Every structure is written in C-alpha cells, then in structure tokens.
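The values are calculated or read from the model by the stated rules, or taken from the named source; none is laboratory data. These figures come from a predicted structure and were not determined experimentally. Positions of Cβ are generated from backbone atoms using ideal geometry, with glycine treated the same way; all protein chains shown enter the neighbour counts.
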Amino acid sequence: MALIDADELTASTSTDGGSGLMAPGERETLTGSRGFNGGPREGRISGYLLKVIRESIGFTQDGLAEDLGVDLTTVQGWESGRRPLIAVPTGSFLAIRARLLRLGAQPNLLAQLEPALEVDHFLAQVLSTAPAKVPPDEHPLSAWVITRPFTDMTSWAVSGQRPSFLDDVPRKSSRRGPVSRGPRLAVDERAHFFEHLKSAAERADVGTVDGMLLHRQAHYVASFDDSVETAEWLAGMQRQEERRSQRFADWSLSWAVVRSGAHSLARK
C-alpha cells in the first residue's frame with residue numbers, strides 16, 4: 001500500500017494572486033521552473049534539501065520512491081524543483097517528513113524543510129513579479145521578520161554559500177561524475193532577483209512600520225550580491241539612511257536600517 005496518495009500529489013492548488021504579478025503577456029522569460037500550470041511556484045530550495053536528506057540516509061531516488069510508494073519521476077521532480085514540494089498537500093508532506101525521520105534522517109535537518117518552503121515561496125513571488133510593479137505594502141518582506149535559516153538558504157541560491165546547518169551532514173551518495181553543489185539561480189534570474197529587491201527597498205514607505213521592515217530586509221538581502229554596482233548602491237542607501245536617522249533625537253525605526261546597512265557593508 002502506498003504511503004502517499006498519488007491523487008493528492010497531483011492535485012493542483014491555486015496560485016497566489018495580486019496586482020503585482022505579471023500577466024501572461026508581461027511575464028519575463030526567465031530560466032527557472034514555473035511550476036504547475038505556469039503559476040508562480042518554486043521548488044529548487046526544498047527540492048535540493050530533500051536530495052541532501054535522501055543522500056544522508058543512503059537512499060537512491062529509486063529506493064526512496066519505492067519506500068514512499070510513488071513513481072521515480074515524482075521523486076526526481078521534487079528534487080529538481082519541477083514538481084515543487086510546496087504544491088504537495090500538507091498531509092502528504094507531513095507523511096513524507098515522518099517517513100524520512102523513521103528512515104534515519106536527522107531531525108534538525110528535517111526541521112529545515114519548512115524554512116526551505118518559505119524561501120521557495122519568496123523566490124516564486126520575486127521571480128514572477130516585475131521589479132517596479134508589486135505594491136510595497138503587499139510585498140512578502142513587509143509581512144514578517146526573516147530568520148537566519150531563511151537568509152542562509154536564500155544566500156545558498158543566489159551566492160552559492162552553503163548553509164551552516166549542512167556542515168555536519170554526512171553524504172552517502174555513490175553517484176559519480178560532476179554534480180550540482182546546491183540550488184542556484186540562473187544568470188538572468190539572479191539579475192532579476194537583485195533588481196527586484198533594490199526597487200522594493202527604494203519604493204518602500206519608510207514612514208510606516210511595514211514599509212520600514214520592507215526597506216530594511218530588501219536592503220539586507222540585496223547585499224548578497226557581490227557586484228560593484230550593488231556595493232555602491234548599498235553605500236548610497238546607507239548614507240541616505242544615516243541622514244534620515246539624524247532627524248530624530250530618540251530611537252527611530254531608521255536606526256535598525258542603519259544597523260543592518262552597517263552589517264551588510266562590513267561583509268563587503
């Protein structure tokens with residue numbers, strides 16, 4: 001009997017709407033996957049993490065597919081991002097995670113799957129949205145405070161920096177030949193990603209709490225770009241924010257942005 005219901009795995013879910021998403025005729029042709037029905041879905045972060053987990057317990061794709069009771073192409077699709085894990089129904093996702101735990105996967109590694117799904121959702125929104133079209137008050141970075149796992153996995157995709165939580169993960173794969181060392185954005189996707197974040201940071205309403213949160217976090221994530229142009233942009237934004245903070249005698253939201261900016265520039 002199959003552990004995962006095949007009908008559930010193929011069930012489609014509605015994609016996120018909103019006036020900022022590109023209409024079909026406006027959509028840029030970026031390299032990465034689009035998910036089912038051309039909607040704004042991503043799966044490369046959680047998919048690659050699933051691959052790392054599978055290899056850490058010494059399973060092949062065939063072996064895991066057989067154990068879960070799904071087709072080999074389903075596991076391949078999950079790991080490549082072509083069948084995003086974010087589209088898997090919650091019950092099936094929890095069953096997969098529970099089974100991996102019973103097969104010997106590290107609990108702390110399995111715990112990273114949920115942040116990976118958050119990053120996939122974030123990437124889907126950014127890569128499917130024209131940089132200057134998303135309303136700042138509807139931007140995902142204005143809605144919640146990003147965490148260390150989130151930034152680690154985002155950096156993994158855009159700069160190739162392996163997350164620290166993978167430092168002690170054993171790799172038992174016997175696969176030979178060149179293999180990908182992590183989930184990566186293509187050149188055109190990467191350019192779009194940073195252009196989007198810079199636009200979001202510049203257009204945020206810094207007079208509101210949500211706008212300042214967007215400004216601060218988009219500025220911080222944009223600092224993962226190692227180009228000279230972005231370094232100059234960061235320095236300019238920092239000078240602007242320092243001037244704004246000097247207008248206040250007491251603590252202001254601008255202080256948090258200045259602190260984040262200093263940290264970003266120090267990394268440079």
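Per-structure values
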item	result
Subset of segment 192-235 that is under 16 Å from Arg267 (Cα atoms) and surrounded by fewer than 16 Cβ atoms within 10 Å (Cβ to Cβ) - its residue that is nearest to the chain's Cα centre (by Cα)	Asp226
Residues that are farther than 16 Å from His121 by Cβ and of a type in the set (Val, Ile, Thr), drawn from segment 75-96	Val75, Ile96
Matching residues in segment 38-47 - criterion: being in a loop (DSSP other than H, G, I, E, B) and either crowded, with 21+ Cβ neighbours inside 10 Å or at pLDDT 95 or above (or both)	Pro40, Arg41, Glu42, Gly43
Filter pass, Ala65 being surrounded by fewer than 21 Cβ atoms within 10 Å (Cβ to Cβ), aliphatic (A, V, I, L, M), at pLDDT 90 or above and more than 20 Å from the chain's Cα centre (by Cα)	yes
Test for Gly69: is it touching an Asp or Glu at 6+ places or on another chain (Cβ under 8 Å) and farther than 22 Å from Gly182 by Cα	no
Segment 88-114 residues that are on the phi < 0 side of the Ramachandran plot, paired with ones that are among the acidic types (Asp, Glu) (beta carbon under 8 Å, 6 or more apart)	Val88/Glu8; Pro89/Glu8; Gly91/Glu8; Ser92/Asp5; Ser92/Glu8; Arg99/Asp67; Leu103/Asp67
Qualifying residue in segment 161-178 (condition: in a helix (DSSP H, G or I), on the phi < 0 side of the Ramachandran plot and buried (at least 18 other Cβ atoms within 10 Å of the Cβ))	yes
Members of segment 46-62 that are among the aromatic types (Phe, Trp, Tyr) and under 22 Å from the mean Cα position of the chain (by Cα)	Tyr48
Scope segment 84-105; condition assigned to a loop (DSSP other than H, G, I, E, B), of a type outside the set (A, V, I, L, M, F, W, C) and more than 17 Å from the chain's Cα centre (by Cα); matching residues	Pro89, Gly104
Odd one out for Thr147 among (1) surrounded by 16 or more Cβ atoms within 10 Å (Cβ to Cβ); (2) within 16 Å of Ser46 (Cβ to Cβ)	(1)
Tabulated pairs, segment 142-156, first in contact (Cβ under 8 Å) with a residue 60 or more places away in the chain, second aromatic (Phe, Trp, Tyr) and outside any helix (DSSP H, G or I), C-beta under 6 angstrom, 6+ apart or interchain	Ser155/Phe224
Qualifying residue in segment 169-188 (condition: over 20 Å from Ser260 (Cα atoms), in contact with a Ser or Thr (Cβ under 6 Å, 6 or more places away or on another chain) and modelled with pLDDT of 90 or more)	yes
Residue match in segment 61-80 (condition: touching a Lys or Arg at 6+ places or on another chain (Cβ under 7 Å) and within 23 Å of Pro149 (Cα to Cα))	yes
Identity of the residue in segment 73-97, more than 10 Å from Ser46 (Cβ to Cβ) and hydrophobic (A, V, I, L, M, F, W, C), that ends up surrounded by the most Cβ atoms within 10 Å (Cβ to Cβ)	Val75
In segment 106-116, residue farthest from the chain's Cα centre (by Cα) [restricted to those that are buried (at least 21 other Cβ atoms within 10 Å of the Cβ) and in a helix (DSSP H, G or I)]	Pro115
Filter result for the condition that a residue is over 23 Å from His121 (Cβ atoms) and at pLDDT 95 or above, over Leu50, Leu100, Leu72	Leu72
Any chance Ala124 is in contact with a Gly (Cβ under 8 Å, 6 or more places away or on another chain) and under 30 Å from Leu68 (Cα atoms)	yes
